[in-house]
Amino acid sequence: MFQHFLAPLDGSQLAETILPVARVLAQVCAARVTLLHVVEPAAPATIHGQAHLMDAVQAEEYLQARATELSQHGISADWHVDRAKGGDVVQAIFAHGLELEADLILLADHGASGLKGRLLGSIPQQVLQRGEIPVLLVRTAGLAQHAFECRTILVPLDSSTRYETALHAAQELAGMSGARLELILVVPTLDTLSPRNSATGTILPSSTRAVLDLAASGAQQYLDAAVKALRVHDIDARGQVARGDVVTTILEASTAVRADMIIMATHGRAGLDAFWSGSIAPRVVNRATVPVMLLRVKDDAPAAG
């Protein structure tokens, strides 16, 4: 699965936060890396006070230099420069991902490759809406304090097998890196239900509380089985069921287990659709201090357009 990475860059140091992560993962997976710059119409000279690539010639020279640096670490690296048709940089990134048969797209959270000004968290969601290529969002602030490693991976799950795309990806990565997998399944409490379900909890509090308690019991059985299956494949894994606000609990668990990465499945919804549907991925992305890999939920069709 993890054999070819696509890493969009815009010339800024913030966007280059992707590179140490790409280097470590490429070494672990023996994957090749393609660096991409999408030339924007009327590209700005700076982003957040840092230089921004403005034309194809400048981008070619820049990407070639970064590819050479990766090659010095034993990584197969190349580069590609293209223009955003109609100014749609997200579409250009995804189109190149398909054309180059990339199986992971890495993006920096500051708005790399012309994505500045978008809501943080909507960036990978928009790419996921276009298809099934997983997205790894790298937090520039989070990695400023320490070098990226791949020793502990947090995997938020749901009892539904549809969300196990994240588990399968984590298992593959752990098998290659030796990382420990920390599985977590968060069951809300009555007062932390999603907007969609809170009305039912208000009208039928006792019944809703009983359903949630039953869900917690079932969640433990589900995680026990998942951990057992992983250990059969010599994967170091642990599982926990937690109660409370889903997003806050996931983030607290990430800190507690010292996760280097979070891998989770999502429907690829963005904006208000994600909020009202109770989608947790955009909110985890907004607040996480470690890289977050998002994969499309199993059998979830890409959005049109």
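All of the numbers you see were taken from the coordinates with simple rules; none came from a lab. Computed from a predicted structure; not experimentally measured. Every residue, glycine among them, receives a Cβ derived from its backbone with ideal geometry; neighbour counts consider all protein chains shown.
Side notes on the structure shown:
- Peptides 242-252, 217-227, 1-11 ordered by average Cβ neighbours within 10 Å, highest first: 1-11, 242-252, 217-227
- Approximate spin-label separation THR161-GLU149, in nm, with each point projected 7 Å along Cα-to-Cβ: 3.6
- Amide H partners (placed H, <5 Å) of ALA77, local residues excluded: VAL33
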